[in-house]
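Structure, as C-alpha cells:
Computed from the coordinates by the stated procedures, all read-outs in this text should not be read as laboratory data. Owing to the predicted nature of the structure, the values given are computational and were not obtained by experimental measurement. Note: ideal-geometry Cβ built from the backbone for every residue, glycine included; neighbour counts use all protein chains shown.
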Amino acid sequence: MSFPKGFYWGGATAANQCEGAWNVDGRGPALTDVTTGGSVKEPRYVTYIDKDGNPQKMPSMGAKLPEGAKYAVLDDCYYPNQDGIDFYHRYKEDIALFAEMGFNMFRMSISWSRLYPQGDELEPNPKGIEFYRNVFKECKKYNIEPLVTIHHFDTPLYLEEHYGGWKNRKLIEFYDRFAKTCFTEYKGLVKYWLTFNEINNTVMFLDMFGNKATDQMYQEAYQHLHYQFVASAHAVKMAHEIDPDYVVGCMICGITFYPATCDPADILLNRHTWEKGIYYCGDVQCKGKYPTFAKRLWAEHDVHLDITEQDLIDLKEGTVDLYTFSYYMSTVVTTHEVTDKVSGNFSAGARNPYLEYSDWGWALDPKGLRYYLEKIYDRYELPMMVVENGLGAYDTLEEDGTIHDPYRIDYMRKHIQDMELAIEDGVDLIAYTPWGCIDLVSAGTGEMRKRYGFIYVDKDDAGNGTFDRYRKDSFYWYKKVIASNGADLD
C-alpha cells in the first residue's frame, strides 16, 4: 500500500494556539487573548469590564458582550493562548523538527491582528509582514510547502468590539484588504491557501444549545456565514488575479453522521443533518450558489438575509479550487430518546455501540473518514486534503525524555489505511496534515494536557514549564510513514 507520487505529508497548527507573543511587535489582541483556560468539565470564559467598571466573565460559547462592556485581560485569570507554545520565537527550531520528520507540507495560519492590529487599518504592520515572510522562507529552505489558512478563528478583537464582528458587512472590506496583503506580500513563497477554517462551525455550534438556540441566534449565524462566503469568494478571485498558480480551498469541519436506527424518521434526520452541518457551506463555496434546501433551513428559524445581487455574482465567480476538511470523529443522530450520550469537539450524540471513544468522548472511527472522503468527492469532484486529523490524549514525559504514545500511532495508522482505500476507490486526495503536529493549546478546553503532537512541548495547563521540545515515539513512526509514502505503517 502506498500513496500517489507527490502526495503531501505534513502537519497542521493555528497561529492563535501556538504563536504566543500576543502583544509583541505591534500585534493587536484577538478574542482568544481574552479567553481563559478551561477543562473537559469547566468551560472557557471570555473576560470583560462591564459598563460600571466591574470585571466580569461569560462563557466563550454563545454569550454576547453586554451593552457598554469592553473586553479586558484580568489580573486573576490565566489566558493560555497569549503564550501558546512560543512558536513566534521558536519557529526555526520547530520547522527543523518538521523537516526531520520529512514534512513536505506545513499547514499554519496568519494572525489577522499581527498584520492589522485593529483590523480596519489601511496599511499593515511591517513587523508582522516580516515575521511570516521569515517563516515561509524557513519552510522553503527545507522544501516544505506552506498551506496557509487566512482566517483561523482569530478576528481582531477591535473588530469584534467596535463592529460586531462578522455580523457586520463592513468586515468583508477589511478581510479583502487582509487577504490581498497576504497574496501580494507572499507571492512566490506560498501556493496553497484556505480562506476560513471550519467555516461551518458557526451553524453547527448552535446545535449544542438545542431548543435554547433562538431564531435570532440563527439569523445572526446565517448572516455571519453569508458575509464570510462573500469574503471567501472575493479572496479566491483576487488570488487568481494576483497569481494564476495560487490554489485556494475551503475548509470544513468534517463530521460523519450516522442514523441510529433504520426508522425513516432517523434516516431523514440524518440527511437533514448532513445538509445543515456539512453541505450548506460546501455547496456555496464549491458550487457558487446556495443549495435548494437553504430555503428550508432559513424558514425553520424565520431567517431573512441581507444578500445583494452582486453577492450572488461574487459567489458564482469565486468558487474554490479544492475541498479541505478536518476529521476527528463521527456521531450518531436519532429522533428517539437515548440515555447513553457522548460529547466531544463541540458535538454530542448517542453513543455508537460499534466504536471506541477517547478520553474526551470522541468516537474513534477511521471508516468514517473513508466514508466522508468518498461521499464528498462524489458531490464536488474537487481535489481533497485532510488538513486536520489526530488524537488528543494524555502523554507522559519520562525521566529519560521519551514519550511513548502507541495509542496515537494506532489511531493514525488506521486513518491512513482508510485514506488509501478511499484513493483506490477514486478519490483525488492530495494531502494529509494531521492536527497539532506539535503540542499546542486546545481550542475547545484551553488545556495543554490534551496533546496531539508528534512533538511534546513542556508546558502544563497553568502555563508552567520550560517550553522545551521532545520527540515522541509517534515522531519516529510518522517519519517512517512519510519516507515510505504511506507504505510502511508498522
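A simple spin-label model places the labels of THR402 and ALA487 2.8 nm from each other, with each point 7 Å out along Cα-to-Cβ. Please work out whether the chain counts as rounded, prolate or oblate from its C-alpha gyration tensor, where a ≥ b ≥ c are the square roots of the eigenvalues and a/c under 1.5 means rounded, while otherwise a/b larger than b/c means prolate and anything else oblate? Rounded. When each of the peptides 401-412, 208-219, 386-397 is scored by how many other beta carbons lie within 10 Å of its residues on average, the order from highest to lowest is 386-397, 401-412, 208-219. Shape class for region 419-486, computed from the alpha carbon gyration tensor (a ≥ b ≥ c): oblate, with a/c not under 1.5 and a/b at or below b/c. The alpha carbon centroids of region 33-57 and region 463-483 are separated by 33 Å.
Under 29 Å between alpha carbons, and skipping anything fewer than 8 positions from LYS480 in its own chain: which lysines qualify? Qualifying lysines at Cα under 29 Å: LYS5, LYS92, LYS137, LYS140, LYS141, LYS191, LYS367, LYS414, LYS450, LYS459, LYS472. Rounded to the nearest 500, the 222 nm mean residue ellipticity of the chain from helices alone is -11000 deg cm²/dmol, with -39,500 (n - 2.57) taken per DSSP H run of at least 4 residues.
The separation of region 135-160 from region 418-442, counted between C-alpha centres, amounts to 19 Å.
Distance from the Cα centre of region 261-326 to that of region 1-16, in angstrom? After rounding, the separation between the Cα centres reads 28 Å.
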